[in-house]
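Visitor: Please read through the structure below; I'll follow up with questions.
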Ligand code: MN
């Protein structure tokens, strides 16, 4: 048990990739409140590293990131046979026309438009989580 009272390994692990600290903290807080395990990354390169090290059950991936953007990170993750089964939900900026289409085109499994409604977030995540063996 960790200090949230959740038995380790019993709840899905979500990787949150977001360079904006306020957005990241908001999403992380909402996920923890809903009982998820959370891992964080602040740029595309760190995202790839954390996926390999932490084996998350799902990735919430901001598109506009330092070092490597979310499109390129998705291409790399979906191009790796050992990682491509992890669902990726892109966090797309509402104002950026075409970013959802582009996210799906490069292999994201879905997207959520910003601003993120944290009350709806667990519902979105549940839709994309794969049943565990
Ligand atoms: Mn960003």
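The values are calculated or read from the model by the stated rules, or taken from the named source; none is laboratory data. Because the structure is predicted, anything quoted here is derived from the model rather than measured. Counting neighbours? That spans all protein chains shown, and the Cβs are built from the backbone with ideal geometry, glycine included.
Visitor: Yes or no: residue 92 modelled with pLDDT under 95, within 15 Å of the ligand (Cβ to nearest atom) and under 14 Å from the mean Cα position of the chain (by Cα)?
Guide: yes
Visitor: Could you pull out the residue among 71, 111 that is farther than 28 Å from residue 33 by Cβ and crowded, with 18+ Cβ neighbours inside 10 Å?
Guide: Among 71, 111, only 71 is farther than 28 Å from residue 33 by Cβ and crowded, with 18+ Cβ neighbours inside 10 Å.
Visitor: Name the single residue that is modelled with the lowest pLDDT among those in segment 4-16 being touching a strand residue (DSSP E or B) at 6+ places or on another chain (Cβ under 7 Å) and part of a loop (DSSP other than H, G, I, E, B).
Guide: Top of the filtered list is 11.
Visitor: Next question. Taking residue 19 and the conditions (1) more than 16 Å from the ligand (Cβ to nearest atom); (2) at pLDDT 95 or above; (3) over 19 Å from residue 131 (Cα atoms); (4) part of a loop (DSSP other than H, G, I, E, B), which numbered condition does it fall short on, given that it satisfies the others?
Guide: In the conditions (1) more than 16 Å from the ligand (Cβ to nearest atom); (2) at pLDDT 95 or above; (3) over 19 Å from residue 131 (Cα atoms); (4) part of a loop (DSSP other than H, G, I, E, B), residue 19 misses (1) alone.
Visitor: Still on this structure: Hey, among the residues in segment 31-74 that are in a helix (DSSP H, G or I), farther than 17 Å from residue 102 by Cβ and more than 13 Å from the chain's Cα centre (by Cα), which one's nearest to the ligand (Cβ to nearest atom)?
Guide: Only one residue tops the list, namely 45.
Visitor: Could you check residue 36 against (1) over 18 Å from residue 21 (Cα atoms); (2) in contact with a helix residue (DSSP H, G or I) (Cβ under 6 Å, 6 or more places away or on another chain) and say which number it fails?
Guide: In the conditions (1) over 18 Å from residue 21 (Cα atoms); (2) in contact with a helix residue (DSSP H, G or I) (Cβ under 6 Å, 6 or more places away or on another chain), residue 36 misses (2) alone.
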